[in-house]
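K.L.:
Take this structure first; my questions come after.
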Amino acid sequence: MRRRLRDVPWAIAMLLPSIALVAVWTVYPLVRAIQKGHFKCDVTGRKCTDQGWGRYWDVFISNEFQHALGVSVKLMLLTVPAGLILGVGLAVLADKHLRGIGVFRTIFSSTVATSVAVASLVWFVLLQPQIGVLADLFSGIFPVLKNPGLLNDPGTALLAVAFSSIWANLGFTFIIVTAALQSVPRDLYESAYVDGAGSVRR
């Protein structure tokens with residue numbers, strides 16, 4: 001117990017840089033943004049009056065905010081379950097001691113190395129009705145790819161964004177689940193196999 005208490009100052013010292021960065025670049029801007037949101041200013045930005053929390057309430061009850069909230073919930077329902085299922089499925093498939101399986105693990109986890117900005121730009125170009133590769137290849141099967149385009153059609157825009165989001169985050173889920181699977185002792189799998197457990201239960 002005393003040894004653990006002696007390690008506390010070292011732990012605090014190691015956490016201080018991260019705490020300072022979060023405080024300066026996340027907490028402080030967030031607090032200032034909330035404070036600034038209370039004020040209503042003229043076009044010059046000089047004459048400002050404090051409106052209190054009423055401005056936030058006006059935003060929360062507005063139709064635009066309600067619509068944006070509903071779309072965000074739909075996007076969450078589309079991306080989170082599908083991303084988890086695909087990530088776990090790929091991790092289970094890649095958790096085999098086979099020759100060359102490392103190549104597939106690298107491919108599955110490669111999306112982690114792609115930034116959000118680059119991934120967004122890549123999918124934006126792919127889904128372009130005029131110059132997009134997908135539109136050129138599959139417009140005969142799916143005319144919506146050309147006219148008006150997946151991102152321009154209200155019925156398919158959310159699905160297109162959800163698909164690209166799942167792709168971008170799939171590598172992270174795959175890495176986390178793969179690390180968890182590899183930490184399980186192989187003896188447990190062998191014992192379950194001997195006891196008659198199928199592949200799904202194992």
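The values are calculated or read from the model by the stated rules, or taken from the named source; none is laboratory data. Note that this is a predicted model, so its numbers are computed, not measured. In this analysis, Cβ positions are derived from the backbone assuming ideal geometry, glycine residues included, and neighbour counts consider all displayed protein chains. When the accessible area is computed, the model is the full protein with side chains, heavy atoms only, and any ligands, DNA or RNA have been set aside. Shrake-Rupley method; radii C 1.70, N 1.55, O 1.52, S 1.80 Å.
K.L.:
Work out the FRET efficiency for Arg46 and Ser115 from their Cβ-Cβ distance, taking R0 = 30 Å, and round it to the nearest 0.05.
P.N.:
Working: r = 38 Å, r/R0 = 1.28.
The formula returns an efficiency of 0.20 here.
K.L.:
Sort all Cα-Cα distances of segment 1-107 into consecutive 5 angstrom bins from zero, then give the percent of pairs in each bin up to the one containing the longest distance.
P.N.:
Using 5 Å bins, I get a P(r) of 2, 8, 8, 8, 9, 10, 11, 13, 13, 8, 5, 3, 1, 1, 0 for segment 1-107.
K.L.:
Against the globular-protein guess of 2.2 N^0.38 Å, express the Cα radius of gyration of segment 150-202 as a ratio, rounded to two decimals.
P.N.:
Output field value: 1.88.
K.L.:
Using a 1.4 angstrom probe on heavy atoms only, work out the carbon and sulfur share of the accessible area of segment 1-83 in %.
P.N.:
Carbon and sulfur together cover 69 percent of it.
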